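Have a look at the structure below before the remarks.
The values are calculated or read from the model by the stated rules, or taken from the named source; none is laboratory data. Computed from a prediction, not measured in an experiment: that's the story for all the values here. When we count neighbours, we look across all protein chains shown, and the Cβ atoms used for this are built from the backbone with ideal geometry, even at glycine.
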Amino acid sequence: MSTINFAAREINFKIVYYGPGMSGKTTNLKWVFGQIPDTRRGDMVSLATEDERTLFFDFLPVDLGEVKGFKTRFHLYTVPGQVFYNASRKLILRGVDGIVFVADSAPNRLRANAESFRNLRENLAEYGLTMDEVPIVLQANKRDLPDALPVEMVQMVIDPDKKYSMFEAVASTGVGVFETLKAVSRLVLSRVATAG
Amino acid sequence: MIEPAIALYGSTFQSVMKTLEELLRESGARYVMLLDRKGFVLAHKEALWAPRPPALDSLATLIAGNAAATQALAKMLGEPRFQEIVHQGEQNGLYVEEIGEVALLTILFDNSAPLGRVKLTAKKAAQALEQLTREAIVTPNKLGIDTDYRDGANALLDELFGN
Ligand SMILES: Nc1nc2c(ncn2[C@@H]2O[C@H](COP(=O)(O)OP(=O)(O)OP(=O)(O)O)[C@@H](O)[C@H]2O)c(=O)[nH]1
Ligand SMILES: [Mg+2]
């Protein structure tokens, strides 16, 4: 029998890692998977192609623990970043509680970042949501690249008004991964706590 | 939560469990599970004789993703929806029934349970569950998800991910 006690109240949040192809979304999840104790997370599910590109989604459940009698859990998802997977990418946004937008710091990905961000806005609109209704944080990943663009420039093309918090990261070595996840989680919790 | 949340507890939860138990018994299936469209398990029940189920979290996620993809396909073909989702292997099968807009009922069965009976009992249970899940839609603050909750959860975030 399962050890999960459904009579106890349980609260789940869905956090989606969005961004252009190859920006490091899956790498973020892999880092979280590898670093937190296995008592605090479930299995990671990856629906990927042979060459490790995300085909549908990655999924990782993370247990925060019990708060005020609520078992609290974050379900982390990544979308497939490649442009032509938009139909499946859209599906993953269903019921989203918070978004991490993973931008690529490489100069030749500046435009891909902008396009992916615009695509996010369009896909949210299909669920009747605007960018202002969903907690969003930004991550400038691959800061280790020798030709990485200045963070300000990465942010400029996606968020010229600097509405969102931006975190610098090297997801492949874990730099900035927890900080980003913590930031979006806090926004999600604040939102649910003050929701009517 | 941007979409309304489904919170199953108390008497609604008991009624859901009773419906799932009946379904399990009448269908002869191994496992039955109620999940929301996002892929969260709301309630589940396993037959005493059945082997341990695979990880329910993963299962629920894949079923919700699969259902969403199937219904997106239906729309592209000009169908409002495909009536049922069924997968059958040599030993095991999976049957999914939509519960209104918000939930999915999943039945995992082996070849000792005929598909016809699984479908029939599932459709009956689906009717009861549709009513029950509708009753379970709530706003978070009604449940006590408030600023105290947020502060407690934030402390746990620091503990898990460091300061
Ligand atoms: N140099 C460098 N490489 C990274 C970093 N993060 C990820 N990568 C590499 O970038 C490549 C793509 O990473 P993924 O995490 O698979 O990218 P993704 O965003 O999931 O890509 P899609 O699934 O196609 O959307 C992999 O080879 C990673 O090892 C980083 O911080 N620095
Ligand atoms: Mg990926």
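Points to keep in mind about this one:
- In region A:55-67, the residue that is surrounded by the most Cβ atoms within 10 Å (Cβ to Cβ) out of those that are touching a Phe, Trp or Tyr at 6+ places or on another chain (Cβ under 6 Å) and farther than 16 Å from A:Leu181 by Cβ is A:Phe57.
- Any chance A:Gly98 is buried (at least 22 other Cβ atoms within 10 Å of the Cβ), small (Gly, Ala, Ser), more than 16 Å from ligand 2 (Cβ to nearest atom) and closer than 25 Å to B:Tyr149 by Cβ: yes
- Answer residue from region A:5-34, given it is more than 13 Å from ligand 1 (Cβ to nearest atom) and under 21 Å from A:Val137 (Cα atoms) and is modelled with the lowest pLDDT among those: A:Asn12
- Only one of A:Leu120, A:Leu149 that is under 14 Å from A:Tyr17 (Cα atoms) and either among the basic types (Lys, Arg) or within 16 Å of ligand 1 (Cβ to nearest atom) (or both): A:Leu120
- Counted as qualifying within region B:69-163 are the strands (runs of 3 or more DSSP E) with 2 or more residues that are under 22 Å from B:Ser15 (Cβ atoms), namely B:92-99, B:103-110.
- Scanning region A:34-58 for residues that are within 13 Å of ligand 2 (Cβ to nearest atom) and either over 17 Å from the mean Cα position of the chain (by Cα) or within 22 Å of A:Val170 (Cβ to Cβ) (or both) turns up A:Met44, A:Ser46, A:Ala48, A:Thr49, A:Asp51, A:Glu52, A:Arg53, A:Thr54, A:Asp58.
- Looking across region A:45-54, the residues that are within 13 Å of ligand 1 (Cβ to nearest atom) and surrounded by 14 or more Cβ atoms within 10 Å (Cβ to Cβ) come down to A:Ser46, A:Leu47, A:Ala48, A:Arg53, A:Thr54.
- Any hit, region A:34-44, residues being out of contact with any Asp or Glu (no Cβ under 8 Å at 6 or more places or on another chain), in contact (Cβ under 8 Å) with a residue 12 or more places away in the chain and surrounded by 18 or more Cβ atoms within 10 Å (Cβ to Cβ): no
- Filter result for A:Leu187 (surrounded by fewer than 22 Cβ atoms within 10 Å (Cβ to Cβ) and under 30 Å from B:Val138 (Cβ atoms)): yes
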